[in-house]
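Let me begin by presenting the structure, written as structure tokens, before commenting on it.
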């Protein structure tokens, strides 16, 4: 720990992957760095939890990485951690329009007209996505027009069948943790482009869901923190004061001062935070316009992954909620069996006001609809409503509604004097993913090193 | 002032019209009330300023009231304040599609096809608006569909001429201080319904812009505050703790405790504020989803209202910015002359990064385009960028983007234990107007009185 009598060179606010990566890079370049974290743990939107009954370690937050995500993959190697492949052997399930389909490969065996509709729509969507500059979506051709409508409006205009509308709704839920109505079309396109297309976000081998971190993704933040000298938990920042020489951060336990500050928390959490002098208007209004996604992550643990015996992969999509996407989340040794269910967007809002027990029942019935009654009797379940976490505000990340990219996008990464911005929302690639968080931390650290 | 050794019965957070009205009603019912205000003045989004050169009092914030707004009109009478009519004699101007038109009455003398287009579109829009329950827009028939698209999408589908698209864009700017792209169609409809239709919001005699408050609208808050025993300025709330018996509010200068609390500030300012226990998820995510409108209010003072001599009312609309709407804001005696110009939505964003001098030039050139070169030489100008005010976050009020009403509307007014919500955003009628602020304060006070 840096003694309180000495000011660090840089203070990082937020001990998620972005903040801790920034701190590591700065520390590696010889800077004295302090990290202030509001929670009593590091990791932010990643959190590996040890279950009380089975002792199993499960990822309650971000968990997947892929070979197309160079920043987080390199960091994992650097930290000496290992990855293992997501289980994806066997047939997938799709419950669409009341029919339960078993299939292998990318697309459920829907009627030919539906498949043609999906092929056309996804081709059109991805072609449009390729026109969006990832780092500056507001400079895209037709940016104003694309940002003036919702993703829902675009789907309604371009999908001819209810099944394809349902598939795109599932895409929005699974990838944005939102309903298509909550997203600007421009954002849906830009975000899709971050993954190189729809499949980049939704598939395992070769894509964003290929691998998981051995021991849990929470281990990344833990190792980062272990290597740092001065990480202070339970230190929420209540006021930020900037002058010509530096920045002072006030926490309930006292003030901290440094020449530069990197703020690496979801922008919405800054909306009511007092800054002196006040932030520039474009930045301040941006922070008001980035609400977080809505997701409940649910896991059910069974003695064994019983679905594997039925030739099923454990991966399923369903247009009947509340669970709309599932995965086999069993540990690499394959025992116990773990089914992971995502509840997202309006499905999550439907369960928001319930108690945990009622929500557990609803989620288990969803799993049973897909995998049979055996799903109803897990040995243990665990759930995390990320919208109820005050220091995240929701997951996976911020939603850009209509008008936000074109009106305020320029302010997303622009430093304000000695204050720099990191966090998954500010990533130039793979925004809102662990990879984007790492990239943003490295970029913010580089800014500070250049500026000093 | 209530002595610090005695806890008040109720604490109100925010000394805008909503908070002060609530405090007045509670105080009138015999409750000991304390008001905590973050700023060094009362009034919130109303603020009457005395100009340094001319000594003229001008309203930098909310300024109009109308006979269709019973709550604020009754309060003005109760406080012994007077109103006077908005100056509206003479011809109006409209600069649409490069043509400057002079006209009397409601609608500029546009080509017959354009007038027919406007008549049809506004009829259709207002008929749809009448289907929206003001207090619960999410229960409207087709609420989900109306809330899944932007107002811009609806205009694009329903307007046949560029002039009508321009008029509706002007409506969004003038009435919501936003671009149509930033608004859910459901919200545009509900908000319009609050005024009984488009004209209810945009016209003078008989409507929302009929009258102004003698001496300035800031006088309402000032008189309310003068009558209260315990209003504490410079007291921003940094943490809210609720238990079974009451609520403790932490400010930098110390803690305050009461049995009940009314929070009467723009919801976005609460997004990062720590609540213990955390707010329910639906309420917390609502607060992330209510960004404030974007408006710069500009006034130019002249020795006399020179436009009146030319037979002009001073009222103008223009689809060439940055000023898109003007009014004659001269004091009742007609001297000096004051032109008021509004700069809103993306027009305001265009001027956000400028200094005051550059912005002044841009605004004066807008006025000259309408009223001639005499507008270029005012004796004094004044401007207020409300987006740069940290304790408002923007004006006139919160914008509801797609999905917000249907996803989170229920949480807007629902008390959380001993915490009640007021503020113009929570009004059951005339939301985001002074009338709505007053109504919300009276409703919240009644809730507290019923609950105790």
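Structure notes:
- Summed over segment A:353-374, residues that are farther than 23 Å from residue A:88 by Cα and buried (at least 22 other Cβ atoms within 10 Å of the Cβ) total 1.
- Among the residues of segment A:63-72, those that are under 15 Å from residue A:195 (Cα atoms) and either crowded, with 19+ Cβ neighbours inside 10 Å or in the same structural domain as residue A:327 (by TED's automatic domain parsing) (or both) comprise A:64, A:65, A:66, A:69, A:71, A:72.
- Given (1) farther than 27 Å from residue A:404 by Cβ; (2) within 14 Å of another protein chain (Cβ to nearest Cβ); (3) outside any loop (DSSP other than H, G, I, E, B), number of the condition residue B:181 does not satisfy: (1)
Matching residues to (1) modelled with pLDDT of 95 or more; (2) within 22 Å of residue B:445 (Cβ to Cβ):
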site	(1), (2)
B:2	no, yes
B:9	yes, yes
B:40	yes, no
B:55	no, no
B:60	yes, no
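- Residues located in segment B:405-427, provided they are surrounded by fewer than 23 Cβ atoms within 10 Å (Cβ to Cβ) and more than 22 Å from residue B:183 (Cα to Cα): B:414, B:415, B:416, B:417, B:418, B:419
Condition check ((1) part of a helix (DSSP H, G or I); (2) modelled with pLDDT under 95) across all residues:
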position: A:81; (1), (2): no, no
position: A:84; (1), (2): no, no
position: A:87; (1), (2): no, no
position: A:95; (1), (2): no, no
position: A:101; (1), (2): no, no
position: A:108; (1), (2): no, yes
position: A:116; (1), (2): yes, no
position: A:125; (1), (2): yes, no
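- The one condition from (1) within 14 Å of chain A (Cβ to nearest Cβ); (2) under 26 Å from residue B:395 (Cα atoms); (3) part of a strand (DSSP E or B) that residue B:248 does not meet is (2).
- Subset of segment B:37-55 [crowded, with 24+ Cβ neighbours inside 10 Å and more than 18 Å from residue B:76 (Cα to Cα)]: B:37
- Listed by position, the strands (runs of 3 or more DSSP E) enclosed by segment A:254-334 that each have at least 2 residues that are assigned by TED's automatic domain parsing to the domain that holds residue A:352 are A:295-302, A:312-318, A:325-328.
- Of the residues making up segment A:280-304, those that are without any contact (Cβ under 8 Å) to a residue 24 or more places away in the chain and at the interface with chain B (Cβ under 7 Å from one of its Cβ atoms) number 3.
- Among the residues here, residue B:293 does not qualify as in contact with a strand residue (DSSP E or B) (Cβ under 8 Å, 6 or more places away or on another chain), buried (at least 18 other Cβ atoms within 10 Å of the Cβ) and on the phi > 0 side of the Ramachandran plot.
Every residue, every condition in (1) away from every other protein chain (no Cβ under 14 Å); (2) under 23 Å from residue B:212 (Cα atoms); (3) touching a strand residue (DSSP E or B) at 6+ places or on another chain (Cβ under 8 Å), yes or no:
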site: B:349; (1), (2), (3): no, no, no
site: B:357; (1), (2), (3): yes, no, no
site: B:373; (1), (2), (3): yes, no, no
site: B:387; (1), (2), (3): no, no, yes
site: B:391; (1), (2), (3): no, no, no
site: B:415; (1), (2), (3): yes, no, yes
site: B:429; (1), (2), (3): yes, yes, no
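- Qualifying residue in segment B:96-110 (condition: touching a helix residue (DSSP H, G or I) at 6+ places or on another chain (Cβ under 8 Å) and crowded, with 24+ Cβ neighbours inside 10 Å): no
- Any chance residue B:58 is in contact (Cβ under 8 Å) with a residue 24 or more places away in the chain, out of contact with any helix residue (DSSP H, G or I) (no Cβ under 9 Å at 6 or more places or on another chain), crowded, with 22+ Cβ neighbours inside 10 Å and not assigned by TED's automatic domain parsing to the domain that holds residue B:223: yes
- Restricted to segment A:1-35, and to residues there that are surrounded by 24 or more Cβ atoms within 10 Å (Cβ to Cβ) and closer than 10 Å to residue A:258 by Cβ, the residue that is nearest to the chain's Cα centre (by Cα) is A:12.
- For segment B:142-164, the set of residues classified as in a loop (DSSP other than H, G, I, E, B), more than 9 Å from every other protein chain (Cβ to nearest Cβ) and closer than 16 Å to residue A:156 by Cα consists of B:142 only.
- Residue check, residue B:240 in contact (Cβ under 8 Å) with a residue 24 or more places away in the chain and in a strand (DSSP E or B): yes
- Test result for residue B:323, buried (at least 20 other Cβ atoms within 10 Å of the Cβ), closer than 30 Å to residue A:270 by Cα and at pLDDT 95 or above: no
- Segment B:252-279, subset modelled with pLDDT under 95 and more than 7 Å from every other protein chain (Cβ to nearest Cβ), residue surrounded by the fewest Cβ atoms within 10 Å (Cβ to Cβ): B:254
The values are calculated or read from the model by the stated rules, or taken from the named source; none is laboratory data. Model, not experiment: these values are computed from the prediction. So basically every Cβ, Gly included, is an ideal-geometry build from the backbone, and we count neighbours across all protein chains shown.
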